[in-house]
Amino acid sequence: MDKSKFIKEQFGISEETLSIVDNAEKRVGGSFRAIEDIAQINEWKVMKAFADNRVSSAHFVETTGYGYDDLGRDALDKIYAQVFGAEDALVRHNFVSGTHTISTALFACLRPGDILLSATGSPYDTLEEVIGIAGKAGGGSLADYGVEYEQVELASDGMPDYSAIENALRKRRIKAVEIQRSRGYGIRPSYSAKEIGDLITFIK
């Protein structure tokens, strides 16, 4: 059955309107095909990660006790790391928020005497108490454990100030650098994945 004829007869839509819709679909067809290609490539990435990590029914078996040697959990971490091109991954359902997840990473990477540098100005307000630049002392922040903090303010256009970041990195031995993609409640651009990648390459 002809689609246009069916829509025209059943819904009373004019030939002119159908023609406008058809032309619009043709104009944006390339963009939609590109999106579909990306979706398919990402699906293949997941399928390959499952195959490379030899996922089988054994990975879906229940575990008891403390979960030591949980094959399914270990495989899931490896799959995420491979799909996203990361060195490693930690995938858990009990990360309750972004702040919880980021603070877990910070506490895992930093030790007393280490320095954390924010390369994109002020962090989220919820992270300020985690770092220890807000809230009461003694609440278990990074600062309470002897981790120091510095930040580099953004350039006048709201982008990372590469020169100031380089000066901060050369001045002191920085252990970790925090980069915030979203503007949060601030007035500045949200950074693209490429912009963040370029900044990471520069920092390294």
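Given the structure, is residue 166 of a type in the set (D, E, K, R) and surrounded by 13 or more Cβ atoms within 10 Å (Cβ to Cβ)? Yes: the conditions hold for residue 166. Of all the residues in the stretch 135-155, those that are surrounded by fewer than 16 Cβ atoms within 10 Å (Cβ to Cβ) and within 26 Å of residue 196 (Cα to Cα) number 3.
Within the stretch 86-109, the set of residues being exposed (fewer than 11 other Cβ atoms within 10 Å of the Cβ) and among the aromatic types (Phe, Trp, Tyr) is empty.
Results for (1) modelled with pLDDT of 95 or more; (2) within 27 Å of residue 76 (Cβ to Cβ); (3) open to solvent by 90 Å² or more (accessible area, probe 1.4 Å); (4) not aromatic (Phe, Trp, Tyr), shown as yes or no for each residue.
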| site | (1), (2), (3), (4) |
| --- | --- |
| 4 | no, no, no, yes |
| 17 | no, no, no, yes |
| 26 | no, no, yes, yes |
| 30 | no, no, no, yes |
| 39 | yes, yes, no, yes |
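Limited to the stretch 112-150, what total is found for residues that are more than 24 Å from residue 191 (Cβ to Cβ) and in contact (Cβ under 8 Å) with a residue 60 or more places away in the chain? Residues flagged as more than 24 Å from residue 191 (Cβ to Cβ) and in contact (Cβ under 8 Å) with a residue 60 or more places away in the chain within the stretch 112-150 amount to 1.
The set of residues in the stretch 153-194 that are β-branched (Val, Ile, Thr), under 22 Å from the mean Cα position of the chain (by Cα) and under 22 Å from residue 107 (Cβ atoms) comprises 177, 179. Restricting the stretch 70-85 to residues that are open to solvent by less than 50 Å² (accessible area, probe 1.4 Å) and either hydrophobic (A, V, I, L, M, F, W, C) or without any contact (Cβ under 8 Å) to a residue 12 or more places away in the chain (or both), the residue that is nearest to residue 142 (Cα to Cα) is 81. Within the stretch 172-193, restricting attention to residues that are without any contact (Cβ under 8 Å) to a residue 60 or more places away in the chain and closer than 17 Å to residue 147 by Cα, the residue that is most open to solvent (accessible area, probe 1.4 Å) is 173.
Taking every residue in the stretch 7-30 that is among the charged types (D, E, K, R) and pairing it with any residue that is open to solvent by less than 60 Å² (accessible area, probe 1.4 Å), at least 6 positions away or on another chain, the pairs with Cβ-Cβ distances below 9 Å are 8/14; 8/18; 15/4; 22/4. Residues in the stretch 43-63 that are exposed (fewer than 13 other Cβ atoms within 10 Å of the Cβ), part of a helix (DSSP H, G or I) and in contact with a helix residue (DSSP H, G or I) (Cβ under 8 Å, 6 or more places away or on another chain): 3 in all.
The values are calculated or read from the model by the stated rules, or taken from the named source; none is laboratory data. All figures in this text were calculated on a predicted structure; none of them were measured in a lab. Neighbour counts are summed over all protein chains in view; Cβ atoms, including those assigned to glycine, are modelled from backbone coordinates with ideal geometry. Accessible surface is based on the protein model in full, side chains and every heavy atom, while ligands, DNA and RNA are left aside. Shrake-Rupley method; radii C 1.70, N 1.55, O 1.52, S 1.80 Å.
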